[in-house]
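Take a look at the structure below.
What follows draws every value from the coordinates through simple rules; no lab data is involved. As the structure is a prediction and not an experimental result, all values here were calculated from the model. Note: ideal-geometry Cβ built from the backbone for every residue, glycine included; neighbour counts use all protein chains shown.
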Amino acid sequence: MFSALSLAKKARKEFERAVELDEKNFSAYQALIEFDCSAPGIAGGGEDKARPEIAKLAALDPAEGHYAQGNCPSPEKDFAAAADEFTKALELHPKSVELIYDIGDHAMKHDEPGMLLTVAEQGAQLAPSIPRALLSRGCLYSQKGTARRVRAPAARIPATRAFAEHISCALARS
C-alpha cells in the first residue's frame, strides 16, 4: 500500500508534468498551485514553491494569476485577501467560464452578493445555459432576499432540477 505522503508527492509530480507538457493548461497550473499552497513541505508542497508558479501563470494570463493568488491564502483563511484577488481577476473579464464560476463558488460561500452578481453577469455572457450559471443566478436571488426565485432558473434545464433540489446556497456558504 502507498502511504498518503507518497501519493501526495506523486500527485504533485503529475500536476507539474501536466504543466510542463502544456503551459497553457491553466487547470493544471491551478491544480499545481493549489497543491503547493495547501500541502506541507514534507509532502512536496509549500507556498515558497507556489509563488514562482503563480508569477509564471500571471505572465501567461493575468486573470488566472489573480485567481491563483486568491486561492493561495485560503488554507490560512485569509478570505479578504482572496476576495481582493478574485475581484481583480473579474475586472480583467476572464475568458474561462470555469474560472468565473470558481470565483462564484467563493462568493456563495462567503455571502458576497456583489461579487456573485459580477460572476452571474460575466458567466451569462460566456455560457448562459450551463448549470453553474443557473445556480449562481439562483443563489444571487437568494442572497438578495428573494428565496422563492432560487429554483426558478434551474428549472429551465431538466438535468439541473434535481441538482437544484439537493443543493442550497446555504450549504455552499458553510
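So, in Å, what gap is there between the alpha-carbon centers of region 102-127 and region 21-99? First find each Cα centre; the distance between them is then 18 Å.
Ordering V19, V119, V97 from the fewest to the most neighbouring beta carbons within 10 Å gives V97, V19, V119.
Could you list, in their original order, any pairs among K10/K56; K77/K109; K10/K49; K24/K109 whose Cα atoms are separated by more than 19 Å?
Numbers: K10/K56 22 Å; K77/K109 13 Å; K10/K49 16 Å; K24/K109 29 Å.
Exceeds cut-off: K10/K56; K24/K109.
Ranked by how many other Cβ atoms sit within 10 Å of their own Cβ, fewest first, the residues T87, T118 fall in the order T87, T118. Cβ-to-Cβ counts within 10 Å put S136, S142 in ascending order as S142, S136, the fewest first.
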